[in-house]
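Read the structure below first, then the notes.
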Amino acid sequence: NLLNRLKHKISSKKHLQAQIDWAIEKIMAGKVYEPEVEVNPLSASGKSIDKAMNSITNNLMKLLPWMRYYTRRQTHLKPSFPPNLAQSEQLANSVNSPNFNTFELIPVLGRNNVLPLTAHCIFSENKLFSLVDEKTFGSFVVTVRDGYYQENPYHNDLHAADVLQMCHYFLNNGLREVAQLDDVDCLGFLVAALVHDLKHPGITNGLLETAKSELAVAYNGQAVLENYHLAQAFSVVQKCCLFQRLTFEQASVVRKSCLLYTSDAADDMQCVDLGGRRIIKKKKKKNKQQ
């Protein structure tokens with residue numbers, strides 16, 4: 001819809017309309033993540049292909065914030081903390097159910113309130129406001145919500161709320177006891193769930209690495225998005241002073257838990273205990289014989 005509106009606005013510029021038609025066709029065909037580069041195979045070198053791919057991805061990364069500016073104008077709305085009685089009852093019933101559905105909460109809470117109020121309810125249910133200040137947490141979770149792009153079809157604020165709730169459900173249905181998790185371990189687990197896809201651009205690691213994008217270069221092609229999400233998350237943690245009540249040792253446990261729970265499982269096979277302490281780290285074998 002945004003592209004169609006843009007197309008009508010520039011009706012006098014036929015060459016731009018043709019490019020927009022091409023973009024709409026790719027979106028409708030589900031080929032957004034399959035970049036096409038017109039290259040003459042007889043004269044082009046590998047370097048020219050790499051340069052073209054790099055240009056496409058970096059230009060796309062620059063375009064996304066501009067589009068988001070026009071599609072996210074209403075997201076910076078602060079919910080009231082704590083939720084009112086009706087909201088609290090609805091949330092308490094929802095977050096403790098395996099059939100939790102973020103979309104059903106939108107008419108009750110409003111889209112912009114789903115993640116903040118769900119997170120508040122879950123942290124309250126787990127008695128974590130003894131470790132983090134409730135008012136500080138309110139500022140933190142609103143900032144996190146604004147860091148998720150609502151126009152992403154999957155990696156958005158509702159996805160964060162969904163993952164957070166499932167982690168809460170597991171914790172309170174045997175995981176806490178089986179894994180012998182204390183409150184600090186649970187805090188790390190739930191914070192990791194809350195921020196695990198923060199500022200996700202809607203582009204895969206594979207595309208970023210293949211195109212040698214600026215992000216891939218910055219993180220040496222290693223778990224690019226996972227490292228990016230965590231860097232953004234801890235920037236918000238520091239800005240909001242979320243861990244001001246924790247000791248140095250407690251804050252270290254939470255940070256290590258976040259690093260562990262949001263790591264890229266595609267790079268290596270890890271065997272860890274659920275308190276965030278590593279037992280084994282085993283690199284993938286290059287082939288079945290090894």
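Does Leu215 count as more than 27 Å from Gly138 (Cβ to Cβ) and hydrophobic (A, V, I, L, M, F, W, C)?
Spelling it out, Leu215 is indeed more than 27 Å from Gly138 (Cβ to Cβ) and hydrophobic (A, V, I, L, M, F, W, C).
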Check your understanding: Where residues in segment 98-143 are open to solvent by 10 Å² or more (accessible area, probe 1.4 Å), assigned to a loop (DSSP other than H, G, I, E, B) and in contact (Cβ under 8 Å) with a residue 60 or more places away in the chain, which of them is nearest to Ala160 (Cα to Cα)?
Key -> Phe100
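Please enumerate the residues belonging to segment 237-260 that are within 20 Å of Asp185 (Cα to Cα), of a type in the set (A, V, I, L, M, F, W, C) and either surrounded by 18 or more Cβ atoms within 10 Å (Cβ to Cβ) or out of contact with any helix residue (DSSP H, G or I) (no Cβ under 8 Å at 6 or more places or on another chain) (or both).
Answer for segment 237-260, where residues must be within 20 Å of Asp185 (Cα to Cα), of a type in the set (A, V, I, L, M, F, W, C) and either surrounded by 18 or more Cβ atoms within 10 Å (Cβ to Cβ) or out of contact with any helix residue (DSSP H, G or I) (no Cβ under 8 Å at 6 or more places or on another chain) (or both): Val237, Leu242, Phe243, Phe248, Ala251, Val253, Val254, Cys258, Leu260.
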Check your understanding: Here are some conditions: (1) on the phi < 0 side of the Ramachandran plot; (2) in contact with a helix residue (DSSP H, G or I) (Cβ under 6 Å, 6 or more places away or on another chain); (3) open to solvent by less than 30 Å² (accessible area, probe 1.4 Å). Gly221 meets all but one. Which one does it not meet?
Key -> (1)
Check your understanding: Are there any pairs, at least 6 apart or on different chains, whose C-beta atoms fall under 8 Å, with the first in segment 221-236 and within 13 Å of Cys258 (Cβ to Cβ) and the second open to solvent by less than 30 Å² (accessible area, probe 1.4 Å) and aromatic (Phe, Trp, Tyr), and if so, which?
Key -> Val236/Phe140
Check your understanding: All but one of (1) touching a helix residue (DSSP H, G or I) at 6+ places or on another chain (Cβ under 8 Å); (2) within 22 Å of Arg255 (Cβ to Cβ); (3) in a helix (DSSP H, G or I) hold for Lys199; which doesn't?
Key -> (3)
Review point. Checking Gln165 against (1) without any contact (Cβ under 8 Å) to a residue 12 or more places away in the chain; (2) of a type outside the set (Asp, Glu); (3) buried (at least 18 other Cβ atoms within 10 Å of the Cβ), which test does it fail?
Key: (1)
Revision key, fill the gap. Those residues of segment 213-258 that are in a loop (DSSP other than H, G, I, E, B), at pLDDT 90 or above and either within 24 Å of Arg145 (Cβ to Cβ) or not hydroxyl-bearing (Ser, Thr, Tyr) (or both) come to a total of 6
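The values are calculated or read from the model by the stated rules, or taken from the named source; none is laboratory data. Bear in mind that the values here come from a model prediction, so they are computed numbers and not experimental data. Positions of Cβ are backbone-derived with ideal geometry, glycine not excepted, and every protein chain shown enters the neighbour counts. For accessibility, only protein heavy atoms count, side chains too; no ligands or nucleic acids. Shrake-Rupley method; radii C 1.70, N 1.55, O 1.52, S 1.80 Å.
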